[in-house]
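Have a look at the structure below before the remarks.
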Number of protein chains: 4
Amino acid sequence: MSSSFGHAFRIHTFGESHGGGVGVIVDGVPPKVPLTVEDIQFELDRRRPGQSEIVTPRKEADKAEILSGLVDGVTQGTPIAVFVRNEDQRPGAYEEMAVKYRPSHADYTYDAKYGIRALSGGGRASARETIGRVAAAAIAKQVLQHLCPGIEVLAWVKSIHHLNASVDPHTVTSADVESNIVRTGDPAMVEQMIDLIKEVRGEGNSVGGVVECVIRNCPPGLGEPVFDKLEAELAKAMLSLPATKGFEIGSGFAGTLLTGREHNDPFRMVDGKVRTTSNRSGGIQGGISNGEDIIFRVAFKPTATIMMSQETVTNTGENTELAGRGRHDACVLPRAVPMVEAMALLVIVDHLLRQRGQVGGFPAPK
Amino acid sequence: MSSSFGHAFRIHTFGESHGGGVGVIVDGVPPKVPLTVEDIQFELDRRRPGQSEIVTPRKEADKAEILSGLVDGVTQGTPIAVFVRNEDQRPGAYEEMAVKYRPSHADYTYDAKYGIRALSGGGRASARETIGRVAAAAIAKQVLQHLCPGIEVLAWVKSIHHLNASVDPHTVTSADVESNIVRTGDPAMVEQMIDLIKEVRGEGNSVGGVVECVIRNCPPGLGEPVFDKLEAELAKAMLSLPATKGFEIGSGFAGTLLTGREHNDPFRMVDGKVRTTSNRSGGIQGGISNGEDIIFRVAFKPTATIMMSQETVTNTGENTELAGRGRHDACVLPRAVPMVEAMALLVIVDHLLRQRGQVGGFPAPK
Amino acid sequence: MSSSFGHAFRIHTFGESHGGGVGVIVDGVPPKVPLTVEDIQFELDRRRPGQSEIVTPRKEADKAEILSGLVDGVTQGTPIAVFVRNEDQRPGAYEEMAVKYRPSHADYTYDAKYGIRALSGGGRASARETIGRVAAAAIAKQVLQHLCPGIEVLAWVKSIHHLNASVDPHTVTSADVESNIVRTGDPAMVEQMIDLIKEVRGEGNSVGGVVECVIRNCPPGLGEPVFDKLEAELAKAMLSLPATKGFEIGSGFAGTLLTGREHNDPFRMVDGKVRTTSNRSGGIQGGISNGEDIIFRVAFKPTATIMMSQETVTNTGENTELAGRGRHDACVLPRAVPMVEAMALLVIVDHLLRQRGQVGGFPAPK
Amino acid sequence: MSSSFGHAFRIHTFGESHGGGVGVIVDGVPPKVPLTVEDIQFELDRRRPGQSEIVTPRKEADKAEILSGLVDGVTQGTPIAVFVRNEDQRPGAYEEMAVKYRPSHADYTYDAKYGIRALSGGGRASARETIGRVAAAAIAKQVLQHLCPGIEVLAWVKSIHHLNASVDPHTVTSADVESNIVRTGDPAMVEQMIDLIKEVRGEGNSVGGVVECVIRNCPPGLGEPVFDKLEAELAKAMLSLPATKGFEIGSGFAGTLLTGREHNDPFRMVDGKVRTTSNRSGGIQGGISNGEDIIFRVAFKPTATIMMSQETVTNTGENTELAGRGRHDACVLPRAVPMVEAMALLVIVDHLLRQRGQVGGFPAPK
C-alpha cells in the first residue's frame, strides 16, 4: 500500500515538510526487545541536515518522540509510533514553486497524480519523509540484535561522480565509515570527495554517486523463492528512496560480461559450513540468502535542486524559467548512507519474522 | 506474500517443474474485458523452451487452459485461473542433484530455508514458474487495451556478453524485435549474437546480458510517492525474475557521472502538453510517471547450468564435483524478453487500477 | 495486519491509555476532499468519556491534531495522521492490576500472548484505542459526502439489558438519536434506560445491550462475492470493537425461524428501480449491497469493570480476590453508538474505492 | 482481497459452477507436513451434494487433484494448488435465470456490481465456491496436527428452524456428529430434524438453522488485540459463508441480558493453569484466546432456492414471476457443518503462524 512497507514487520509512514511533522508506526514488533528513544535519535542524527559542512545547511533538530508501544524501555508487541515535529517550515521560500514545476522533482507528477498542486515542499516526495524510515529501522536494528545477534548492516559511499572509493566490503568497519563526513570507507578518497562537493556547491551545481552496502552474518534461508526474493525486496526498498536510479547485487551489470563458468560460485565445506569460494551471487541465490555477505550497490542521481536558472513550465501551461535560490544539498550521498542501511534493515527483519512464522527458525530446523 | 504480486490487480502463482503443472490465479480483473485463451497462448509461446535453435531444446507444449472467470470470451470480474499441465518431467535427470548442490542455483538455499531437499527440478526457483506470470500478463495486456488504449510495453535484448545492440527505445517496434530469434532490436547484431550463443553452447558454457524495456504512452500520474514508487515496483518486479542481478531506470548508474545541471530534464510545453526536452528521469519523477517513455534495463547473469564439471558439496556436507550433462539454455536472454514485458505489464495495470480507485482516473480529474 | 484495517481506504492505529497518546494514519484518502479538524473533533466528542451523567466520569479532552495530509482544508491524497495526546494517566490506579488479572478483561490473554505484563491500562485492549478509529471514520464521512453524497450511516441503542427500544430503522433520524444521552431512537425508553444505568452503577454493577445500525442510500454493487462479502467485512469490523459478542444482519438469528418462502425478498420495479418488497436480506445479497437499507445489530456484553470484589488469580499463579474500586462505565452503549457508525463508515468507503478501482463506478457502468 | 483469506496462512480460491472447475492455492504452508490427497478428499466428501437423502440430489464427485507443493507425501513450503474439475454443468437449467433475478440470490447484485449478467449458476456466489475453502482447510488441519497437536475443531447442527438440539460443547465428539446425516450432536433430535427437512422439501420450501462450533485445546495467546481479534476474524470467516446472517461468541446476544457481575468469568488456578470457572467469554478475551474452549454459533437463513413461484423482475426491468423447478437443497445445515469447521481451521492456523512469527511461540516464551 502506498505508505506501508513490509509484511511481518510493517511500517507506515506519514508527514510532509509542511504540516505538523513526520513519523511512522511500526507494527509487528516482537515484544520484550530493549529500546530507547536514544537508539532512534542516534540514527536520525546520522540522517539529519546540517550535520556537517558538506550537507544542506538547513537546521532541523529532528527530535524523535516515541508515542506508543514502549513501557519501561521494553517493546510491548504493540505498534510503536515515532513522531518528529516540523520546525523549519519557511513557506515563503516556496512561493515560486507554487506555480513553476521544478525540473526533475516530483512537482509536475504530483499534480498529474492528485489533480492538486502540492505546495508543501515536495509533499511526500521530500527527503524529509525518510525520517520515518530511519526511525523504524532503528527499531529494526534492536530487534535484529535481540533475535539474531551478529547480523550487521553497513553502507558507505562507493563513488561520488567520477571519484571511486576502494573499499573491501568484507572488512570495512562502521568506524571507518563514520570517521569522515563523506561516509566513504576509503581514507584516500575523503579529501578529494569533500573538495568536489564543495566545488560543485560553489557553482550551484550538484553531483550524485553510488552507495555500497553489505549485510554480514545473515543466516541462510531468508527470502522467498518467487516474487519476494530477497534481492527483489532489497531492489524495491532501495528504489523507493528519493533520487535513486539503479540497483545491482553481487556481480551486477558487470556480471553480464562473464561466462557461466566464470560467474558460478563453487561450493566448498569450510569449518563444517557450506560456503562459496567466490561471491558473485552477492549472498543470495534463487532469492534466498546463502550465508555469504550480501553485497549490493545503489545509484543516486545528482540532486535535482540546483542554484542555476532552468527552463520549465507553470502549472497553467506556460513556458518560463525557474531561478536558482535558497539552500540546497549539493550531494546527498553522505546522508544517503544511513537511508540505505535503514531500508536494508527493514527488509532483513521482515524476512526473519516471515521465516520464523512459516518455518519456525533461521535456518530451518532439520 | 510469497507467491502473490500486485495490490489491485493481483496474481498468485503456483507449481513446479515436477508435479501436476504450473499456473496462476489473477484476481481483481475488471469485468467485460474481451479475452481468449489464444491471447494467453501467444505470450506463452514466446516464453516457451524449444522455440528456436538458440534456446533450450526441451520440448514443452505449455498449453494454457482457462479454468474460471471467463464466459463467452469476456472477463466476469471474478478470479481467472490459468493452468498449464506438466509434460516433460524426466525425474531420472535429477538424481545426481538429489545429493549435490548445483553451484549458483537455489538448491542449497532451498535446503537452508525449508529444511527439505527440493527434488523437484529447482522447485519454485525453476524458470518454469514464470509461465504463470506470462499468462497473467497476457490478461493484463487485454485489460490495458480496454482501459487505456495506446500504452505499449516493449522489451528487447540490449546486450549479450560484450555484444551491444544499438536500439532507439523511442522508435523500435515489436516487429523489429520479433523479426529475429535473439529478440534484439538491432539487425546489425543479430548474426553475431546468434553465433556467440552457439559458440558458448558448444563449449558447454553460458552467457548473460541486458534486456531493455520501454513503456510508451503511459499516462502521467501512475505510481505512489513513497514505497510503491513506480520505479521501485518495476525494480522489484524485475529482480523477482530468475537470474537477474541489476535494474536501472533512465540515466541509471551512468547518471552518477553527470552533474545536476546536466542531468535535470527541463520542462517545455509541446502541443499543449507538459513535456521534458530530455529524459534522464526515464519517464518517472518522484515515483510517479510523467508521461514520457518509461525506459529501464535489467541485467541477467550467465545461466548457472553449464555442461562442465564444477566443484560443489553434497547435502550431507562433503566436497565433491558435479559433472555437466543434460540439456541447458546457454543464454536466457531471448526468452527473458517476454518475461520482462510481462512483469512490466503487471506493474502498470496494477497502478492504473490503484489510481482509478483512489483518484478516479488517469491522469487525475481536475 | 494487527493494527491495520481496510484495503483501499486503510487505517493504521496506535497508542495505549498510557504513553504519549493514541492516533491513526489514514492512507488511500482521495485528494481534494474538504476536511477540517472540527469534523474529527465532533465525532471524538460523541465518543468521549465524561460527556454525560451516565458514562464514565473520566475527564479526557481528547483533542485531535491533524499532523499531515491536509493543506488549506483539503486532503492531498497522502496519509492523514491524527494524534490525540494522553492527559489523564493516573498510573497509581493500576497498581493492583499489575499482579492481578481483571476477570473478563484482556489482562491474562495479553500476558499469554506477549509474555509480558501490560501495565498500561489494558494496553491496546483499552477502549481508548477506538479514538483512532473514530477519527479515521470522521475522514471517511467526508470522503463519502464527496464521492457518493446521500449515503447515511446511523446507529442507535436498540436495547439495554432487558429494555428494548422500538425504532424504525428506515425513518429514525440522527436528531432523534442525539436528542437523548442514551442515544436510543425511542423517546419512550429514554428515562427507563437512564434509570437502569444509574441503578446498576449505584450497585457497582454493569449492563450491556444491543446497538442497531442502518446504512441508507448505499449504491448497489458494493462488497466482494467471496471472503470480503460486505456483511463479512461489517461483522469483522463490529466484532473488532471492544466488548462485542455478536453480529447479525437483516433477519439475523430470528431468520432461522422462517421458511424460505417467508424469508425471500421478492423483487419489484419501483420508480424504475429494482427494489425488494421486504428486506430480510438486510440490504446485502450474496455479499453485495442491493440498494436497500443495510441493517445490522451488534451485541455488547456488560462492562467487565465492576466495583465489586471478584475471584481471580495473580500473574504468578495464586488464587486471590480483586477489590472493586475506581471509576467505571456502567454501560458502554451510549458511547458505542459512534464506534459502530465509525466502523461501518470505514467499511463502506473502503468498498466504494475498491469498486471504483476494479469496475470504474458504483453501480457498475453499463 | 476479493478471493483471498488469511495473512500468514493464505488461501486464494477460484472457479464457478460453470467453467473448468473450482480450486484453491494455499500459500504459506510450513514445510515437512505430511499430507495426502485423501486428507482433502475426506473433507470434500463431507461437503459434497448427494451425500445423503436430505441434501441436494445433485451428483458431483468433486474429485480433488493436488497440482503442486507436495513431494513424496510431504509439503514443500511452496504453494499447494488443489483443483476440482466441474462435471455436472447443465446450462439448460439456468436459461430462465438468464433474464430473471432469483429472489434473495446474488443475481441482481452481481449485475449491479459487474455490469454483466453472470450466467454461470450464481457465479462465485455459488456454494460450489466453498470447495476451495474446504480443501484448504483439510491442509490446515494437517498443519495444526503437526504444529500444535491436540487442537480440535468440531461443529454440529444446533437448530433447524424451531427444533433445538441439546449438545454439550465440551463433550460432544466427532463420532456423535457424524453418526447421523443431519450432523447434529443430539441423538434425540435426529429423527425430528430429518422429518422436518423432508417435509419442507416435499412442499418445495426450505428451512435454515444454527450451527455451533467448538475449538478445543487452543493455546492461549492467539489473536491480535485490535482489528484482527480472534472473534473478529471468526466472525468475518463465518459471515463469508453463503447464506449466513449472524454470528455470536460465548454468551452472544443472550449475554446482553446479564449484568457484569453475572457475566464476568472468574479466574482460578486449576492444575497449575490459569482457568476460568465459567466461560461466557467463549474462550476469547480482548481478542486473544485464553485457553478455554472457543464456542460460537452461526445463523444460516433458509435456502433461497425454493420450488415455488415467486415475484421478481427481469434484468431489463420488468415485473415477472419465477417458476420453481429443478433441484434444491431444502436445508443447507448438514453440509454447512464442514464449512464452518473449515473456516475456523483457516483462522486458527493463520493465527498460530502469525503468533510464531512475531512472538516465537504459543503461548509466548517467557
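The values are calculated or read from the model by the stated rules, or taken from the named source; none is laboratory data. Just so you know, these numbers come straight off a predicted model, no measurement behind them. Cβ placement follows ideal geometry from the backbone for every residue including glycine, while neighbour counts extend to all protein chains displayed. What goes into the accessible areas is simple: the full protein's heavy atoms, side chains included, and nothing from ligands, DNA or RNA. Shrake-Rupley method; radii C 1.70, N 1.55, O 1.52, S 1.80 Å.
For segment A:42-54, what are the residues that are buried (at least 20 other Cβ atoms within 10 Å of the Cβ) and either farther than 19 Å from A:F14 by Cα or of a type in the set (G, A, S) (or both)?
Once the filter is applied, which keeps residues that are buried (at least 20 other Cβ atoms within 10 Å of the Cβ) and either farther than 19 Å from A:F14 by Cα or of a type in the set (G, A, S) (or both), segment A:42-54 yields only A:I54.
For the subset of segment C:2-41 comprising residues that are outside any strand (DSSP E or B) and at positive phi, which member is most open to solvent (accessible area, probe 1.4 Å)?
Narrowing segment C:2-41 to residues outside any strand (DSSP E or B): C:2-3, C:6-9, C:16-20, C:28-33, C:35-41.
Filter again for at positive phi, leaving C:6, C:19, C:28, C:32.
Values: C:G6: 27, C:G19: 33, C:G28: 3, C:K32: 64 Å².
Among residues in segment C:2-41 that are outside any strand (DSSP E or B) and at positive phi, the one most open to solvent (accessible area, probe 1.4 Å) is C:K32.
For a quick check of your reading of the model, give me the residue pairs whose first member lies in segment D:160-173 and is closer than 9 Å to D:G209 by Cβ, whose second is open to solvent by 80 Å² or more (accessible area, probe 1.4 Å), with beta-carbon atoms closer than 8 Å and at least 6 apart or on different chains.
Going by the 8 Å Cβ cut-off, the qualifying pairs are D:H161/C:L257; D:L163/D:Q192.
What residue, among those in segment D:353-366 that are touching a residue at least 12 places away in the same chain (Cβ under 8 Å) and in a loop (DSSP other than H, G, I, E, B), is least open to solvent (accessible area, probe 1.4 Å)?
D:A364
When you scan segment C:103-110, do you find a residue that is more than 9 Å from chain D (Cβ to nearest Cβ), open to solvent by 10 Å² or more (accessible area, probe 1.4 Å) and modelled with pLDDT of 90 or more, even just one? Give the steps one after another, and end with the answer.
In the first step, residues of segment C:103-110 are kept if they are more than 9 Å from chain D (Cβ to nearest Cβ); the result is none.
No, segment C:103-110 contains no residue that is more than 9 Å from chain D (Cβ to nearest Cβ), open to solvent by 10 Å² or more (accessible area, probe 1.4 Å) and modelled with pLDDT of 90 or more.
It is to be established whether one or more residues within segment D:124-136 are within 18 Å of the chain's Cα centre (by Cα), within 11 Å of chain C (Cβ to nearest Cβ) and among the basic types (K, R).
Yes, segment D:124-136 contains a residue that is within 18 Å of the chain's Cα centre (by Cα), within 11 Å of chain C (Cβ to nearest Cβ) and among the basic types (K, R).
Which residues, counting only those in segment B:250-269, are open to solvent by 60 Å² or more (accessible area, probe 1.4 Å) and within 7 Å of chain A (Cβ to nearest Cβ)?
Residues of segment B:250-269 open to solvent by 60 Å² or more (accessible area, probe 1.4 Å): B:254, B:257, B:261-262.
Once the filter is applied, which keeps residues that are open to solvent by 60 Å² or more (accessible area, probe 1.4 Å) and within 7 Å of chain A (Cβ to nearest Cβ), segment B:250-269 yields B:L257, B:R261.
Please tell me if A:R58 is open to solvent by 30 Å² or more (accessible area, probe 1.4 Å), within 28 Å of A:G208 (Cα to Cα) and in contact (Cβ under 8 Å) with a residue 40 or more places away in the chain.
Numbers: open to solvent by 30 Å² or more (accessible area, probe 1.4 Å): yes; within 28 Å of A:G208 (Cα to Cα): yes; in contact (Cβ under 8 Å) with a residue 40 or more places away in the chain: yes.
When the stated conditions are applied, A:R58 passes them.
Taking the residues in segment D:270-322 that are charged (D, E, K, R) and open to solvent by 40 Å² or more (accessible area, probe 1.4 Å) as candidates, determine which candidate is farthest from the other protein chains (Cβ to nearest Cβ).
Narrowing segment D:270-322 to residues charged (D, E, K, R): D:271, D:273, D:275, D:280, D:292-293, D:297, D:301, D:311, D:318, D:321.
Right, trim to open to solvent by 40 Å² or more (accessible area, probe 1.4 Å) and you get D:271, D:273, D:275, D:280, D:311, D:318, D:321.
Values: D:D271: 11, D:K273: 9, D:R275: 9, D:R280: 8, D:E311: 4, D:E318: 7, D:E321: 10 Å.
Residue satisfying both the conditions and the ranking: D:D271.
Of everything in segment A:230-249 that's under 27 Å from B:T13 (Cα atoms) and open to solvent by 10 Å² or more (accessible area, probe 1.4 Å), which residue is farthest from the other protein chains (Cβ to nearest Cβ)?
Taking segment A:230-249 first, the residues under 27 Å from B:T13 (Cα atoms) are A:230-240, A:247-249.
When the remaining residues are screened for being open to solvent by 10 Å² or more (accessible area, probe 1.4 Å), the result is A:231, A:233, A:236, A:248.
Working: A:E231: 5, A:E233: 7, A:K236: 4, A:E248: 3 Å.
Restricting to residues being under 27 Å from B:T13 (Cα atoms) and open to solvent by 10 Å² or more (accessible area, probe 1.4 Å), the top hit is A:E233.
If you check B:S174 against the conditions, is it within 14 Å of another protein chain (Cβ to nearest Cβ) and among the polar types (S, T, N, Q)? Working first, answer last.
Values: within 14 Å of another protein chain (Cβ to nearest Cβ): no; among the polar types (S, T, N, Q): yes.
Answer is no for this residue.
Quick check on my filter: what residues within segment A:200-229 are surrounded by fewer than 24 Cβ atoms within 10 Å (Cβ to Cβ), within 8 Å of chain B (Cβ to nearest Cβ) and farther than 22 Å from B:P242 by Cα?
Within segment A:200-229, A:V200, A:N205, A:V210 qualify.
Residue-by-condition table, conditions (1) in contact with a His (Cβ under 8 Å, 6 or more places away or on another chain); (2) closer than 25 Å to D:D176 by Cα; (3) touching a residue at least 60 places away in the same chain (Cβ under 8 Å):
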site	(1), (2), (3)
D:G223	yes, no, yes
D:P242	no, no, yes
D:D265	no, no, no
D:Q285	yes, no, no
D:K301	yes, yes, yes
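Sort out which residues of segment B:61-80 are buried (at least 21 other Cβ atoms within 10 Å of the Cβ), more than 25 Å from D:A112 (Cβ to Cβ) and within 9 Å of chain D (Cβ to nearest Cβ), and write them in order of number.
As a first pass, look at segment B:61-80 and keep what is buried (at least 21 other Cβ atoms within 10 Å of the Cβ): B:62, B:64, B:67-70, B:75-80.
Filter once more, keeping what is more than 25 Å from D:A112 (Cβ to Cβ): B:62, B:64, B:67.
Correct list: B:L67 only.
Every residue in segment C:142-199 that is open to solvent by less than 10 Å² (accessible area, probe 1.4 Å) and part of a strand (DSSP E or B), please. Let's see the steps before the verdict.
Filtering segment C:142-199 for residues open to solvent by less than 10 Å² (accessible area, probe 1.4 Å) gives C:143-144, C:154-157, C:159-160, C:165, C:172, C:177, C:182, C:184, C:193, C:197.
Residues satisfying the conditions are C:L154, C:A155, C:W156, C:V157, C:S159, C:I160, C:T184.
Which residue is surrounded by the fewest Cβ atoms within 10 Å (Cβ to Cβ), if the candidates are limited to segment A:323-334 and must be among the hydrophobic types (A, V, I, L, M, F, W, C) and more than 30 Å from A:L222 (Cα to Cα)?
As a first pass, look at segment A:323-334 and keep what is among the hydrophobic types (A, V, I, L, M, F, W, C): A:323, A:330-333.
Then drop every residue that is not more than 30 Å from A:L222 (Cα to Cα), which leaves A:323, A:330-332.
Working: A:A323: 11, A:A330: 26, A:C331: 30, A:V332: 26.
If we take residues in segment A:323-334 being among the hydrophobic types (A, V, I, L, M, F, W, C) and more than 30 Å from A:L222 (Cα to Cα), then A:A323 is surrounded by the fewest Cβ atoms within 10 Å (Cβ to Cβ).
Exactly one condition in (1) of a type in the set (A, V, I, L, M); (2) more than 14 Å from every other protein chain (Cβ to nearest Cβ); (3) part of a loop (DSSP other than H, G, I, E, B) is not met by C:I116; state its number.
Single failed check for C:I116: (2).
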